[in-house]
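Structure first, commentary second.
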Amino acid sequence: MHLPKEVQIVDVAPRDGLQNIAGEIPTDQKIELVNALVAAGLSRIEVTSFSHPRWVPQLRDAEQVLAGINRSPGTRVMVLIPNRRGYDRVGPCRDLIDEVAVVISATESMNQKNVNRPIADSMRQFAEITEAAKRDGLWVRGSIGVAFVCPYEGKTPEDQTLRLAEEFFQMGVDEVMFADTIGRANPRQVYELLARARDRWPDRPLAVHFHDTTHLALANAVAALEAGVTIFDASVGGLGGCPFTPKGAGNVATEKLVYMLHEMGIETGIDDRVLAQTAALAQQLKRAASVEVVG
């Protein structure tokens with residue numbers, strides 16, 4: 001088994017884990033969660049989203065959260081940008097963030113369901129956002145949802161997913177992330193797609209994002225490692241889920257992924273003890289807000 005010596009973990013709990021909570025989490029508690037992740041040694045954190053407050057009310061305090069979190073030279077702050085209007089909100093917060101992420105769905109059905117527009121329209125808008133973000137000195141991640149399986153169209157053709165990755169790189173993104181949005185991918189499928197991606201872009205950063213609906217998230221992570229991927233999204237406490245799989249599990253838990261990696265001799269730079277405390281905090285926030293797991 002060919003494995004890397006170290007990997008990078010991107011914790012998405014503050015954004016992906018909290019965005020569909022039924023109850024409201026106070027801003028200071030969101031800040032506390034992010035600060036705990038910083039203390040645990042996370043090198044990258046997806047802190048919030050600049051989505052319209054009407055559509056994602058749980059993250060309407062994006063500016064306040066960004067202004068309140070602890071800054072660390074070893075931690076990069078990422079925010080999700082859904083559209084050009086969302087990027088326009090970044091202006092006053094420009095010095096508080098390091099990275100932006102845009103998200104496309106790999107199938108027309110899912111993209112229409114998610115953002116009510118065809119893939120081509122979304123990609124044109126993301127090209128504009130990427131150009132602006134690069135001009136502003138920000139790292140850009142192009143994320144591909146339902147990269148493996150779509151709830152409406154079934155297994156996503158590999159060529160379809162790879163074509164979007166190619167388009168992202170051509171427009172200038174720094175990194176492409178492949179998401180198993182509904183948690184239905186299997187290790188063989190993961191390895192085959194990512195091995196093709198790694199062969200095509202041997203020197204470009206590739207990331208993955210797994211949900212644990214079928215309890216295969218860790219197995220899929222190992223398959224991704226074997227394919228040469230070294231950037232993994234995870235969510236402390238397993239916060240999150242998927243609105244298109246009502247009983248689906250959340251994102252792979254950061255603490256479980258980190259434990260597995262450390263046991264395999266792979267470094268993450270994360271303190272297991274502090275991370276365990278942060279996972280307990282995340283679960284406490286989930287219980288307090290009466291979370292409806294649909295992230």
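Table: residues versus (1) in contact with a strand residue (DSSP E or B) (Cβ under 7 Å, 6 or more places away or on another chain); (2) over 21 Å from ALA289 (Cβ atoms); (3) not charged (D, E, K, R).
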site	(1), (2), (3)
LYS5	yes, yes, no
VAL10	yes, yes, yes
ILE25	no, no, yes
LEU37	yes, no, yes
TRP55	no, no, yes
ARG85	no, yes, no
ILE97	yes, yes, yes
*Number of the condition not met by ALA101 [criteria: (1) within 19 Å of the chain's Cα centre (by Cα); (2) among the small types (Gly, Ala, Ser); (3) within 20 Å of ILE45 (Cα to Cα); (4) part of a helix (DSSP H, G or I)]*: (4)
*Test for ASP180: is it acidic (Asp, Glu), surrounded by 22 or more Cβ atoms within 10 Å (Cβ to Cβ) and either within 21 Å of MET78 (Cβ to Cβ) or out of contact with any Phe, Trp or Tyr (no Cβ under 7 Å at 6 or more places or on another chain) (or both)*: yes
*Say we look at segment 137-155 and pick out the residues that are crowded, with 17+ Cβ neighbours inside 10 Å and farther than 17 Å from ALA120 by Cα; which of these is farthest from the chain's Cα centre (by Cα)?*
PRO151
*Those residues that are among the charged types (D, E, K, R), surrounded by fewer than 15 Cβ atoms within 10 Å (Cβ to Cβ) and under 18 Å from THR27 (Cα atoms), I need them from segment 47-92; list them, please.*
ARG54, ARG71
*Kindly indicate whether any position in segment 222-236 is farther than 23 Å from LEU162 by Cα and modelled with pLDDT of 95 or more.*
yes
*Hits in segment 109-129 (condition: among the charged types (D, E, K, R) and either surrounded by 20 or more Cβ atoms within 10 Å (Cβ to Cβ) or in contact (Cβ under 8 Å) with a residue 12 or more places away in the chain (or both))*: LYS113, GLU128
*asked:* Conditions first: (1) touching a Leu at 6+ places or on another chain (Cβ under 6 Å); (2) part of a loop (DSSP other than H, G, I, E, B). THR48 passes all but one, so which condition is the exception?
replied: (2)
*Of LEU239, LEU194, LEU275, which residue is free of Cβ contacts under 8 Å to residues at least 40 places away in the same chain and either within 16 Å of the chain's Cα centre (by Cα) or buried (at least 23 other Cβ atoms within 10 Å of the Cβ) (or both)?*
LEU194
*From the list ARG94, ARG117, ARG85, pick out the single residue that is touching an Asp or Glu at 6+ places or on another chain (Cβ under 8 Å) and outside any strand (DSSP E or B).*
ARG94
*Tell me, yes or no, whether segment 218-238 has at least one residue that is among the polar types (S, T, N, Q) and under 15 Å from LYS256 (Cα atoms).*
yes
*Which one of these does VAL79 not meet: (1) more than 21 Å from LEU18 (Cβ to Cβ); (2) outside any loop (DSSP other than H, G, I, E, B); (3) touching a Ser or Thr at 6+ places or on another chain (Cβ under 9 Å)?*
(1)
*Output yes when any residue across segment 200-218 is out of contact with any Phe, Trp or Tyr (no Cβ under 9 Å at 6 or more places or on another chain), surrounded by fewer than 17 Cβ atoms within 10 Å (Cβ to Cβ) and of a type in the set (Lys, Arg), and no when none is.*
yes
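The values are calculated or read from the model by the stated rules, or taken from the named source; none is laboratory data. This one's a predicted model, so the numbers in the text were calculated from it and none came from an experiment. Positions of Cβ are backbone-derived with ideal geometry, glycine not excepted, and every protein chain shown enters the neighbour counts.
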